[in-house]
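One structure below.
The values are calculated or read from the model by the stated rules, or taken from the named source; none is laboratory data. Just so it is clear, the structure is predicted and the values come from calculations on it, not from any experiment. Every residue, glycine as well, gets a Cβ built from its backbone with ideal geometry; the counts of neighbours run over all protein chains shown. Surface accessibility is based on the protein's heavy atoms, side chains included, excluding ligands, DNA and RNA. Shrake-Rupley method; radii C 1.70, N 1.55, O 1.52, S 1.80 Å.
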Amino acid sequence: MATQLGPNGASRCAAGSRRAVRVQASGVGAYVGVKSAGQLQQVAKQKPEGFWQTASKQINVRSRGSSGPRRRAVTMMPVSTPKVLVRPVGQRQYEWVDLWESYTMNKVVFIREAISEDVANNMIALTLYLDSLDKKRIYYWLNCPGGDVTPTLALYDTMQYVRSPTATVCYGMCLGMGGFLLTAGGEKGYRYSMPHSILMMHHPSGASRGQASEMHIESRELVRVRDYLSLVISDSTGQPYDRVIRELSRNKWMNPKEAIEYGMIDKVLTTPMPKPPSIGPKFRFDSEQGTGEAMQSRDVI
(Lines give C-alpha, C1' and ligand atoms only; values in the text may rest on other atoms or scores of the structure.)
Protein backbone atom coordinates (compact mmCIF):
# COMPACT_ATOMS: atom_id res chain seq x y z
CA MET A 1 0.00 0.00 0.00
CA ALA A 2 1.68 3.19 -1.17
CA THR A 3 1.44 6.46 0.67
CA GLN A 4 1.55 9.88 -1.03
CA LEU A 5 1.93 13.38 0.24
CA GLY A 6 -1.00 15.56 -0.77
CA PRO A 7 -0.86 19.26 -1.70
CA ASN A 8 -2.25 20.26 1.72
CA GLY A 9 0.45 18.44 3.68
CA ALA A 10 -1.70 15.38 4.50
CA SER A 11 -0.77 11.74 3.98
CA ARG A 12 -3.23 9.57 2.05
CA CYS A 13 -3.34 5.98 0.75
CA ALA A 14 -3.16 5.27 -2.97
CA ALA A 15 -5.37 2.17 -2.65
CA GLY A 16 -8.05 1.58 -0.04
CA SER A 17 -9.11 4.20 2.42
CA ARG A 18 -8.83 7.85 1.38
CA ARG A 19 -9.13 9.35 4.82
CA ALA A 20 -6.68 12.18 5.45
CA VAL A 21 -4.13 11.88 8.22
CA ARG A 22 -2.38 14.97 9.51
CA VAL A 23 1.40 14.73 9.51
CA GLN A 24 2.91 15.59 12.87
CA ALA A 25 6.35 17.23 13.02
CA SER A 26 7.53 14.92 15.79
CA GLY A 27 6.80 11.65 14.02
CA VAL A 28 7.94 12.48 10.48
CA GLY A 29 10.85 10.53 9.05
CA ALA A 30 10.66 11.63 5.40
CA TYR A 31 12.48 14.76 4.22
CA VAL A 32 11.75 16.98 1.25
CA GLY A 33 14.93 18.68 0.05
CA VAL A 34 16.68 19.86 3.20
CA LYS A 35 13.60 20.28 5.47
CA SER A 36 11.20 17.76 6.95
CA ALA A 37 7.51 17.80 6.11
CA GLY A 38 6.63 19.04 9.58
CA GLN A 39 9.11 21.89 9.31
CA LEU A 40 7.68 22.84 5.93
CA GLN A 41 4.21 22.99 7.47
CA GLN A 42 5.44 25.43 10.07
CA VAL A 43 7.14 27.54 7.40
CA ALA A 44 3.99 27.46 5.29
CA LYS A 45 1.98 28.88 8.16
CA GLN A 46 4.34 31.86 8.31
CA LYS A 47 4.56 32.47 4.55
CA PRO A 48 1.62 33.11 2.22
CA GLU A 49 2.86 30.69 -0.48
CA GLY A 50 1.58 27.57 1.22
CA PHE A 51 3.08 24.18 1.85
CA TRP A 52 3.50 22.98 -1.72
CA GLN A 53 5.21 26.17 -2.96
CA THR A 54 7.59 26.08 -0.02
CA ALA A 55 8.42 22.45 -0.66
CA SER A 56 9.09 23.06 -4.35
CA LYS A 57 11.68 25.70 -3.49
CA GLN A 58 13.63 23.17 -1.44
CA ILE A 59 13.79 20.64 -4.28
CA ASN A 60 16.39 21.02 -7.01
CA VAL A 61 14.66 19.79 -10.14
CA ARG A 62 17.91 19.69 -12.14
CA SER A 63 19.46 16.84 -10.18
CA ARG A 64 22.38 14.99 -11.71
CA GLY A 65 21.74 11.40 -12.64
CA SER A 66 18.42 11.05 -10.79
CA SER A 67 14.96 12.53 -10.82
CA GLY A 68 14.68 12.72 -7.03
CA PRO A 69 15.41 15.68 -4.82
CA ARG A 70 18.97 16.48 -3.78
CA ARG A 71 20.47 18.85 -1.29
CA ARG A 72 21.91 22.18 -2.25
CA ALA A 73 25.60 22.27 -3.13
CA VAL A 74 27.87 23.38 -0.34
CA THR A 75 30.17 26.24 -1.35
CA MET A 76 33.34 27.31 0.46
CA MET A 77 33.68 30.71 2.00
CA PRO A 78 35.99 33.11 0.13
CA VAL A 79 39.44 33.62 1.57
CA SER A 80 39.52 37.05 3.17
CA THR A 81 42.50 39.38 3.23
CA PRO A 82 44.42 38.93 6.50
CA LYS A 83 44.79 41.77 8.95
CA VAL A 84 47.98 42.71 10.76
CA LEU A 85 48.68 44.76 13.88
CA VAL A 86 50.52 48.00 13.09
CA ARG A 87 50.89 51.41 14.65
CA PRO A 88 50.10 54.24 12.23
CA VAL A 89 52.44 57.20 12.08
CA GLY A 90 51.62 59.81 14.72
CA GLN A 91 49.54 57.47 16.89
CA ARG A 92 50.33 55.66 20.12
CA GLN A 93 47.98 52.72 19.82
CA TYR A 94 48.26 49.75 17.50
CA GLU A 95 45.44 48.99 15.09
CA TRP A 96 44.35 45.97 13.07
CA VAL A 97 44.53 47.04 9.44
CA ASP A 98 44.34 45.34 6.08
CA LEU A 99 47.55 43.67 4.87
CA TRP A 100 47.74 45.73 1.68
CA GLU A 101 47.07 48.89 3.65
CA SER A 102 49.96 48.11 5.99
CA TYR A 103 52.30 47.83 3.02
CA THR A 104 50.98 51.10 1.64
CA MET A 105 51.97 52.80 4.91
CA ASN A 106 55.56 51.77 4.11
CA LYS A 107 55.27 53.12 0.53
CA VAL A 108 55.05 49.69 -1.08
CA VAL A 109 52.51 49.47 -3.92
CA PHE A 110 51.31 46.20 -5.48
CA ILE A 111 50.06 46.05 -9.07
CA ARG A 112 48.48 42.59 -9.29
CA GLU A 113 46.37 42.79 -12.46
CA ALA A 114 46.36 44.12 -15.99
CA ILE A 115 46.62 47.90 -16.15
CA SER A 116 43.24 49.31 -17.15
CA GLU A 117 41.72 52.75 -16.76
CA ASP A 118 40.48 52.06 -13.23
CA VAL A 119 43.73 50.44 -12.10
CA ALA A 120 45.81 53.30 -13.53
CA ASN A 121 43.60 55.94 -11.89
CA ASN A 122 43.91 54.26 -8.49
CA MET A 123 47.68 53.85 -8.83
CA ILE A 124 48.15 57.46 -9.96
CA ALA A 125 46.13 58.79 -7.01
CA LEU A 126 48.05 56.55 -4.61
CA THR A 127 51.39 57.62 -6.07
CA LEU A 128 50.57 61.30 -5.68
CA TYR A 129 49.40 60.74 -2.09
CA LEU A 130 52.53 58.80 -1.10
CA ASP A 131 54.70 61.47 -2.66
CA SER A 132 52.99 64.14 -0.56
CA LEU A 133 53.85 62.33 2.70
CA ASP A 134 57.64 62.33 2.42
CA LYS A 135 60.42 61.88 -0.10
CA LYS A 136 61.24 58.26 0.65
CA ARG A 137 61.48 55.77 -2.21
CA ILE A 138 58.26 54.22 -3.53
CA TYR A 139 58.48 50.51 -4.37
CA TYR A 140 56.19 49.06 -7.06
CA TRP A 141 55.79 45.29 -6.93
CA LEU A 142 54.53 44.10 -10.32
CA ASN A 143 52.76 40.89 -11.23
CA CYS A 144 51.19 42.32 -14.35
CA PRO A 145 50.06 40.35 -17.42
CA GLY A 146 49.92 43.49 -19.58
CA GLY A 147 47.38 46.23 -20.05
CA ASP A 148 46.33 49.17 -22.19
CA VAL A 149 48.92 51.53 -23.61
CA THR A 150 47.36 54.88 -22.68
CA PRO A 151 46.69 54.13 -18.95
CA THR A 152 50.18 52.64 -18.59
CA LEU A 153 51.78 55.73 -20.12
CA ALA A 154 49.73 57.90 -17.75
CA LEU A 155 51.06 55.94 -14.77
CA TYR A 156 54.60 56.10 -16.20
CA ASP A 157 54.37 59.89 -16.55
CA THR A 158 53.19 60.16 -12.95
CA MET A 159 56.10 58.04 -11.71
CA GLN A 160 58.49 60.38 -13.53
CA TYR A 161 56.68 63.48 -12.27
CA VAL A 162 56.77 62.82 -8.53
CA ARG A 163 59.78 63.95 -6.51
CA SER A 164 60.09 60.66 -4.61
CA PRO A 165 62.47 58.16 -6.25
CA THR A 166 60.88 54.98 -7.55
CA ALA A 167 61.87 51.32 -7.65
CA THR A 168 60.23 48.41 -9.47
CA VAL A 169 60.23 44.74 -8.53
CA CYS A 170 58.90 41.91 -10.70
CA TYR A 171 57.41 38.84 -9.04
CA GLY A 172 55.50 36.32 -11.09
CA MET A 173 55.43 37.82 -14.56
CA CYS A 174 55.62 41.18 -16.31
CA LEU A 175 54.34 40.98 -19.87
CA GLY A 176 53.67 43.66 -22.46
CA MET A 177 53.11 47.02 -20.81
CA GLY A 178 53.91 45.46 -17.45
CA GLY A 179 57.44 44.83 -18.71
CA PHE A 180 57.59 48.39 -20.01
CA LEU A 181 56.59 49.75 -16.59
CA LEU A 182 59.18 47.54 -14.90
CA THR A 183 61.98 48.72 -17.20
CA ALA A 184 61.15 52.39 -17.70
CA GLY A 185 59.22 53.20 -14.53
CA GLY A 186 61.91 52.34 -12.03
CA GLU A 187 65.08 54.35 -11.45
CA LYS A 188 68.25 52.86 -12.90
CA GLY A 189 69.92 50.69 -10.30
CA TYR A 190 66.59 49.98 -8.57
CA ARG A 191 64.95 47.60 -11.02
CA TYR A 192 64.72 44.15 -9.48
CA SER A 193 63.25 40.77 -10.23
CA MET A 194 62.63 37.48 -8.49
CA PRO A 195 64.77 34.59 -9.75
CA HIS A 196 61.87 32.68 -11.36
CA SER A 197 60.00 35.58 -12.90
CA ILE A 198 58.97 35.76 -16.56
CA LEU A 199 59.47 38.95 -18.55
CA MET A 200 58.39 39.89 -22.06
CA MET A 201 57.71 43.02 -24.11
CA HIS A 202 56.14 43.36 -27.53
CA HIS A 203 54.83 45.93 -29.97
CA PRO A 204 51.45 47.52 -29.22
CA SER A 205 48.55 45.78 -30.88
CA GLY A 206 45.22 47.05 -32.19
CA ALA A 207 41.96 45.62 -33.46
CA SER A 208 40.51 48.19 -35.81
CA ARG A 209 37.44 47.50 -37.94
CA GLY A 210 35.45 49.72 -40.19
CA GLN A 211 36.34 51.93 -43.11
CA ALA A 212 39.74 51.87 -44.72
CA SER A 213 40.44 55.45 -43.66
CA GLU A 214 39.77 54.60 -40.00
CA MET A 215 42.04 51.56 -40.15
CA HIS A 216 44.76 53.65 -41.80
CA ILE A 217 44.54 56.28 -39.05
CA GLU A 218 44.80 53.65 -36.31
CA SER A 219 47.74 51.93 -38.01
CA ARG A 220 49.63 55.23 -38.18
CA GLU A 221 48.88 55.83 -34.48
CA LEU A 222 50.15 52.36 -33.60
CA VAL A 223 53.39 52.99 -35.48
CA ARG A 224 53.82 56.31 -33.67
CA VAL A 225 53.24 54.69 -30.27
CA ARG A 226 55.62 51.86 -31.18
CA ASP A 227 58.38 54.31 -32.06
CA TYR A 228 57.84 56.30 -28.86
CA LEU A 229 57.89 53.19 -26.65
CA SER A 230 61.01 51.95 -28.41
CA LEU A 231 62.78 55.26 -27.74
CA VAL A 232 61.88 55.14 -24.05
CA ILE A 233 62.98 51.51 -23.75
CA SER A 234 66.22 52.26 -25.60
CA ASP A 235 66.97 55.07 -23.17
CA SER A 236 66.15 52.89 -20.14
CA THR A 237 68.03 49.77 -21.22
CA GLY A 238 70.96 51.40 -23.00
CA GLN A 239 70.37 49.23 -26.08
CA PRO A 240 70.44 50.62 -29.64
CA TYR A 241 67.13 51.64 -31.11
CA ASP A 242 67.37 49.12 -33.97
CA ARG A 243 67.92 46.22 -31.54
CA VAL A 244 64.96 47.32 -29.43
CA ILE A 245 62.70 47.32 -32.49
CA ARG A 246 63.98 43.90 -33.49
CA GLU A 247 63.59 42.38 -30.03
CA LEU A 248 60.08 43.76 -29.57
CA SER A 249 58.97 42.24 -32.87
CA ARG A 250 60.14 38.80 -31.72
CA ASN A 251 57.95 38.75 -28.57
CA LYS A 252 60.81 37.08 -26.76
CA TRP A 253 60.12 35.61 -23.33
CA MET A 254 63.08 36.16 -21.00
CA ASN A 255 64.20 34.93 -17.63
CA PRO A 256 65.88 37.35 -15.17
CA LYS A 257 69.39 36.47 -16.39
CA GLU A 258 68.51 37.33 -19.99
CA ALA A 259 66.69 40.44 -18.80
CA ILE A 260 69.84 41.65 -17.06
CA GLU A 261 71.86 41.16 -20.26
CA TYR A 262 69.19 43.01 -22.22
CA GLY A 263 69.08 45.83 -19.66
CA MET A 264 65.49 45.45 -18.48
CA ILE A 265 66.45 44.93 -14.84
CA ASP A 266 69.54 45.60 -12.75
CA LYS A 267 69.61 42.84 -10.15
CA VAL A 268 67.93 39.61 -9.03
CA LEU A 269 66.74 39.84 -5.45
CA THR A 270 67.81 36.37 -4.30
CA THR A 271 70.75 34.14 -5.11
CA PRO A 272 70.02 31.84 -8.07
CA MET A 273 69.73 28.11 -7.50
CA PRO A 274 73.02 26.14 -7.64
CA LYS A 275 73.78 23.96 -10.61
CA PRO A 276 72.45 20.44 -9.99
CA PRO A 277 74.98 17.58 -10.12
CA SER A 278 75.06 15.27 -13.10
CA ILE A 279 73.19 11.99 -12.79
CA GLY A 280 74.49 8.67 -14.14
CA PRO A 281 77.89 7.54 -15.43
CA LYS A 282 80.00 9.57 -17.80
CA PHE A 283 81.36 8.01 -21.00
CA ARG A 284 84.81 8.32 -22.51
CA PHE A 285 85.02 7.40 -26.20
CA ASP A 286 88.11 6.07 -27.91
CA SER A 287 88.48 7.78 -31.28
CA GLU A 288 90.58 4.98 -32.81
CA GLN A 289 88.56 1.92 -31.89
CA GLY A 290 85.19 3.63 -31.79
CA THR A 291 84.14 1.87 -28.60
CA GLY A 292 82.79 3.55 -25.51
CA GLU A 293 83.94 2.82 -21.97
CA ALA A 294 81.78 3.79 -19.04
CA MET A 295 83.61 5.79 -16.41
CA GLN A 296 81.93 6.29 -13.05
CA SER A 297 81.69 9.95 -12.11
CA ARG A 298 82.57 11.21 -8.67
CA ASP A 299 79.56 13.47 -8.48
CA VAL A 300 76.96 10.77 -9.07
CA ILE A 301 74.08 10.95 -6.57
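The figures follow:
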| item | result |
| --- | --- |
| Rough spin-label spacing in nm, given labels placed 7 Å along Cα→Cβ, for R220 and L133 | 4.6 nm |
| Alpha carbon centroid spacing (whole Å) that separates the stretch 116-194 from the stretch 230-244 | 19 Å |
| For R224, solvent-accessible area (1.4 Å; no DNA, RNA or ligand), Å² | 140 Å² |
| Estimated distance in nm for a label pair at Y103 and S116, the labels positioned 7 Å out from Cα along Cα-to-Cβ | 2.0 nm |
| Placed amide H near Y192: partners under 5 Å, 5+ positions off or other chain | T168, V169, C170, D266 |
| Sulfur and carbon atoms: percent of accessible area, the stretch 104-213 [1.4 Å] | 52 percent |
| Sparse-neighbourhood loop sites, GluC sites (Glu not before Pro) in the stretch 204-276 - DSSP loop, at most 16 other Cβ within 10 angstrom | none |
| Relative pair counts by distance (%), Cα atoms of the stretch 93-235, 5 Å bins | 2, 9, 18, 21, 19, 13, 8, 5, 3, 2, 1, 0, 0, 0 |
| Debye equation applied to the C-alpha atoms of the stretch 162-248, log10 I(q)/I(0) at 0.13, 0.19 Å⁻¹ | -0.51, -0.90 |
| Residues with amide H under 5 Å from that of I115, placed H, sequence gap 5 or more | G146, G147, D148 |
| Shape category assigned to the stretch 77-144 from the gyration tensor of Cα positions, a/c cut at 1.5 | oblate |
| Gain on full stretching of the segment that runs from S205 to L269 - 0.36 nm per residue minus C-alpha separation | 19.9 nm |
| Among the listed pairs K83/K188; K83/K257; K188/K252, those beyond 24 Å (Cα-Cα) | K83/K188; K83/K257 |
